[in-house]
Amino acid sequence: IYFIEPNKKHKKIIGFFSIIGFFLGSVIYLPLLYGVHKMHVQVINDSITYTITQPASLSYAYVLMYFVVTIFPMIYCSFKEIKIFVILSLASAIGAGFIFYYAFTSTWCFFAAILSLYSIYCLHKCCCIRT
């Protein structure tokens with residue numbers, strides 16, 4: 001989104017959140033990579049469930065911060081197609097959280113894979129408008 005955003009002010013905000021997202025991703029995944037936290041994977045009700053050995057409050061904080069750094073910048077995007085993508089992403093996250101709470105991560109990733117088709121449309125349309 002940073003590379004297609006024409007508004008310089010919005011681009012700065014999106015860039016800021018991209019940097020924050022990089023550091024957040026590092027804080028979340030490096031402990032898993034180095035074995036500080038362990039991940040257990042199992043199948044529950046035909047869905048893949050990931051359990052990480054860390055305090056639940058930390059997991060909830062990570063999810064909240066993840067949403068902030070991924071969803072908030074898209075709200076600043078100038079293209080309506082991206083704003084629709086935000087709504088669809090939030091709807092899929094809420095649906096995954098309420099219906100498949102026991103397998104939120106894998107279920108939301110599944111929904112995100114489907115939404116990636118729409119994101120291809122968005123990027124094509126937004127990039128073609130500019131050229």
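The values are calculated or read from the model by the stated rules, or taken from the named source; none is laboratory data. Everything numeric in this text was worked out from a predicted model, so none of it was measured. Here the Cβ positions follow ideal geometry from the backbone for every residue, glycine too, while neighbour counts run over all protein chains shown. Each accessible area value is taken on the protein alone, full model and side chains, heavy atoms only, with ligands, DNA and RNA left out. Shrake-Rupley method; radii C 1.70, N 1.55, O 1.52, S 1.80 Å.
Summary of computed values
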| item | result |
| --- | --- |
| On Cα atoms only, tilt of 104-130 relative to the major axis of the chain in degrees | 10 degrees |
| With Cα atoms, 0 to 90° folded angle of helix 56-75 axis to the chain main axis | 10 degrees |
| Residues of the chain: accessible area per residue with a 1.4 Å probe, Å² | 67 Å² |
| Computed FRET value (nearest 0.05) for Ile120 with Asn7, which takes r as the C-beta separation and R₀ as 30 Å | 0.85 |
| Estimated [θ] at 222 nm from DSSP helical runs (n ≥ 4, -39500 (n - 2.57)) normalised by residues in the chain, nearest 500 | -25000 deg cm²/dmol |
| Percent accessible area from carbon and sulfur atoms, the chain, protein chains only, probe 1.4 Å | 73 percent |
| Length added when fully stretched, Tyr102-Phe22, from 0.36 nm per residue minus Cα-Cα | 26.1 nm |
| Estimated FRET transfer efficiency (Cys127, Ile84; beta-carbon r; R0 22 Å; 0.05) | 0.85 |
| Under the Karplus curve 6.51 cos²θ - 1.76 cosθ + 1.60, θ = phi - 60°, whole-Hz ³J(HN,Hα) for region 32-37, x wherever Gly or Pro sits | 6, 4, 9, x, 5, 10 |
| In Å, descending, principal axis extents of the Cα set of region 73-115 | 35, 17, 13 |
| Length gained when the stretch Val68-Ile48 is fully extended (0.36 nm per residue, less Cα-Cα span) | 4.7 nm |
| Space enclosed by the convex hull of the alpha-carbon atoms of region 1-112, per residue, Å³ | 103 Å³ |
| Normalised contact order of the chain, rounded percent, pairs of Cα under 8 Å and 6 or more residues apart | 27 percent |
| Residue among Leu115, Ser59, Gly15 farthest towards the positive dipole end of the chain, charges placed on Cβ | Gly15 |
| Spatially near lysine pairs across the chain, Cα under 19 Å, sequence gap of 8 or more or different chains | 11 |
